[in-house]
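Taking it in order: structure first as structure tokens, then the write-up.
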Amino acid sequence: MFEVIFLGTSSSAPTTTRGLSSHIILHRHYRFLLDCGEGTQRQILRSGLGFKRLDTVLLSHGHLDHILGLGGLVSTLARWENLDHIDIYGGRATLNRVHDLLFKVVFAGHRPPIDVSLHPVRPGDVICADDKFSLTAFEVSHRGPDNLGYLFEEKPHRPFLAELADELGVPFGPERSLLVRGEAVRLADGRVIQPDDVLGPALPGTKYVHIGDVGRTDNLLDVVRGADALVMEATYTEEEGEMAVDFGHMTAARAAILARDAGVKHLILTHLSRRYSERDIRTEARAIFPNTYVARDFDHFQITREGVVRVKKEE
């Protein structure tokens, strides 16, 4: 399962109800901050998530409404939080702007109190991986160079068939854990049980795709195909489709067409222009792709193979 918390869902400039682009993505013990618009650290505090273990930042591109909050956030993390390092990933052009922001402005003339590591990323790079999931960058077309999207994908797994294990007399305990890990076990009566005896066929893991600002979709079909959830921008409606093209952005309808054509299960739209209401974006997208949400600040979604759940906030 992946979880995404939207900290900012406005484009270009904040509104009274929407902050600038920023998201926290959770998977097991991992925490990723994806983009960091102005005001992100306050949104983190309001969300209740806090700064603990927030040491990995993924950047979609270098426009200020996606990176300007890094100055204040890194300054706060360096002074008040128990972190000794922070890793920031993005395209080279993006990191050049981040370098200037952090080392020529925030920490100008002195050494940062924590280790700030900037990691240039190219399309196809695997940023993080273990035996259960991988995080991979892919190319996105927007204004300027080095724009990236991110693919979060659980690896296929073979389910443990408890009924077969019971029939074979496999006791509860470490023997079952070893079989799940793919290791054979010897039972007390001398019989050897192989993993294939108690594991079912491999099942695909959850696939979550996150796209920031984007001006075209024809080059995204393969990476998006079959995703359990796709997050992407919908800055405009088709009424201003030409403006969307001019500025390298997406309309709600075109995002929905991508989701439909790629066999995506659920579409979550964000990065709304102040000129539209949530209803405008939702109505246009759902006419093409009914399984569409429009994210609000502090929305929390849980993403699994079984579906997408919008977690209700406690009053």
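The values are calculated or read from the model by the stated rules, or taken from the named source; none is laboratory data. Computed from a predicted structure; not experimentally measured. Positions of Cβ are backbone-derived with ideal geometry, glycine not excepted, and every protein chain shown enters the neighbour counts.
To keep it simple, each residue is scored yes or no on (1) closer than 19 Å to Ile211 by Cα; (2) modelled with pLDDT of 95 or more; (3) in contact with a Gly (Cβ under 6 Å, 6 or more places away or on another chain).
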{"site": "Arg79", "(1), (2), (3)": "no, no, no"}
{"site": "Leu83", "(1), (2), (3)": "no, no, no"}
{"site": "Ile88", "(1), (2), (3)": "yes, yes, no"}
{"site": "Arg92", "(1), (2), (3)": "yes, yes, no"}
{"site": "Val116", "(1), (2), (3)": "no, no, no"}
{"site": "Pro120", "(1), (2), (3)": "yes, yes, no"}
{"site": "Ile127", "(1), (2), (3)": "yes, yes, no"}
{"site": "Arg143", "(1), (2), (3)": "yes, no, yes"}
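The set of residues in segment 163-177 that are out of contact with any strand residue (DSSP E or B) (no Cβ under 6 Å at 6 or more places or on another chain) and free of Cβ contacts under 8 Å to residues at least 24 places away in the same chain comprises Glu163, Asp166, Glu167, Gly169, Pro171, Phe172, Gly173, Pro174, Arg176, Ser177.
Within segment 246-272, being at pLDDT 95 or above and of a type outside the set (A, V, I, L, M) holds for Thr251, Arg254, Arg260, Asp261, Gly263, Lys265, His266, Thr270, His271. Scanning segment 42-92 for residues that are basic (Lys, Arg) and over 19 Å from Glu139 (Cβ atoms) yields Arg42, Arg46, Lys52, Arg53, Arg79.
Just one of the listed residues (Ser75, Ser22, Ser10) is at pLDDT 95 or above and farther than 24 Å from Asp228 by Cβ, namely Ser10. In segment 141-155, the residues that are touching a residue at least 60 places away in the same chain (Cβ under 8 Å) reach residues that are acidic (Asp, Glu) with C-beta atoms within less than 6 angstrom, at least six apart or across chains, in these pairs: His142/Asp213.
Applying a threshold of 7 Å to beta carbon distances and a minimum spacing of six or more residues, or different chains, the list of pairs starting in segment 231-242 at a residue that is under 24 Å from Phe301 (Cα atoms) and ending at one that is charged (D, E, K, R) and assigned to a loop (DSSP other than H, G, I, E, B) reads Glu233/Asp213. Criterion first (over 21 Å from Leu58 (Cα atoms) and either out of contact with any Cys (no Cβ under 6 Å at 6 or more places or on another chain) or in a helix (DSSP H, G or I) (or both)) does Gly241 satisfy it? Yes, satisfied. Across segment 187-195, not a single residue is classified as within 36 Å of the chain's Cα centre (by Cα) and modelled with pLDDT under 90. Note on segment 121-144: residues that are under 18 Å from Met232 (Cα atoms) and surrounded by 18 or more Cβ atoms within 10 Å (Cβ to Cβ) total 6. Going through (1) surrounded by 15 or more Cβ atoms within 10 Å (Cβ to Cβ); (2) not assigned by TED's automatic domain parsing to the domain that holds Gly91 one by one, Asp166 falls short only on (1).
Phe138 - would you say it is within 19 Å of the chain's Cα centre (by Cα), modelled with pLDDT under 95 and not acidic (Asp, Glu)? Judged against the criteria, Phe138 is not a match. Filtering segment 62-121 to residues that are charged (D, E, K, R) and in a loop (DSSP other than H, G, I, E, B) leaves Glu81, Asp84, Arg111. Number of residues in segment 40-52 that are surrounded by 14 or more Cβ atoms within 10 Å (Cβ to Cβ) and over 19 Å from the mean Cα position of the chain (by Cα) equals 1. If the condition is being hydrophobic (A, V, I, L, M, F, W, C) and in a helix (DSSP H, G or I), then segment 24-57 contributes Ile44, Leu45. The criterion of at least 3 residues that are closer than 30 Å to Gly90 by Cα is met, among helices (runs of 4 or more DSSP H) falling completely within segment 127-226, by 221-224.
Just one of the listed residues (Thr270, Thr251) is within 22 Å of Leu34 (Cα to Cα) and in contact with a helix residue (DSSP H, G or I) (Cβ under 7 Å, 6 or more places away or on another chain), namely Thr251.
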